[in-house]
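I have placed the structure first, in the form of structure tokens, so that the comments after it can refer back to it.
The values are calculated or read from the model by the stated rules, or taken from the named source; none is laboratory data. Remember, predicted model here, so these are calculated numbers, not experimental data. With ideal geometry, Cβ positions are generated from the backbone for all residues, glycine too; neighbour counts draw on all protein chains shown.
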Amino acid sequence: LWDHSSGVSAGFVPWGDIKKINYSYSGTNTFLVVMVKKPDKFIDRQTNLLKKLAMRMNYKISGSPIHILVSLLDTDLHTLNDMIATKRYPKTSGTGLG
């Protein structure tokens with residue numbers, strides 16, 4: 001997963017680092033909240049102090065430093081949800097899994 005959605009983007013987030021995907025709503029805004037296994041890893045790799053503080057604040061408020069404003073993306077919420085499910089849990093042929 002690549003997050004380049006805002007000035008406080010996380011950059012590359014490997015699927016293996018993701019625990020869960022949530023959605024958060026604030027007024028008319030919808031955020032994709034990416035729950036990661038090691039939040040401090042993503043906060044600490046920020047070199048800009050203001051971005052680091054913003055990520056830390058997101059983490060304290062929601063439990064994740066990674067928030068993506070859905071309206072900044074080139075897709076809608078339902079399509080985004082389908083894309084995440086397809087990429088994160090690809091179907092494996094012949095095994096009955098996925």
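Per-residue answers, yes or no, for (1) farther than 16 Å from Leu1 by Cα; (2) in contact with a Lys or Arg (Cβ under 8 Å, 6 or more places away or on another chain); (3) at pLDDT 90 or above; (4) not in a helix (DSSP H, G or I):
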residue: Leu32; (1), (2), (3), (4): no, no, no, yes
residue: Lys52; (1), (2), (3), (4): yes, no, yes, no
residue: Met57; (1), (2), (3), (4): yes, no, yes, no
residue: Ile61; (1), (2), (3), (4): yes, no, no, no
residue: Asp74; (1), (2), (3), (4): no, no, no, yes
residue: Leu80; (1), (2), (3), (4): no, no, no, no
residue: Thr86; (1), (2), (3), (4): no, no, no, no
residue: Lys91; (1), (2), (3), (4): yes, no, no, yes
residue: Thr95; (1), (2), (3), (4): yes, no, no, yes
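How many residues are within 23 Å of His78 (Cβ to Cβ) and either touching a Phe, Trp or Tyr at 6+ places or on another chain (Cβ under 6 Å) or touching a residue at least 24 places away in the same chain (Cβ under 8 Å) (or both) when one looks only at region 11-21?
Final tally of qualifying residues: 4.
Please work out which residue is nearest to Leu49 (Cα to Cα), limiting yourself to region 1-19 and to residues that are within 9 Å of the chain's Cα centre (by Cα) and assigned to a strand (DSSP E or B).
Filtering first and then ranking leaves Asp3.
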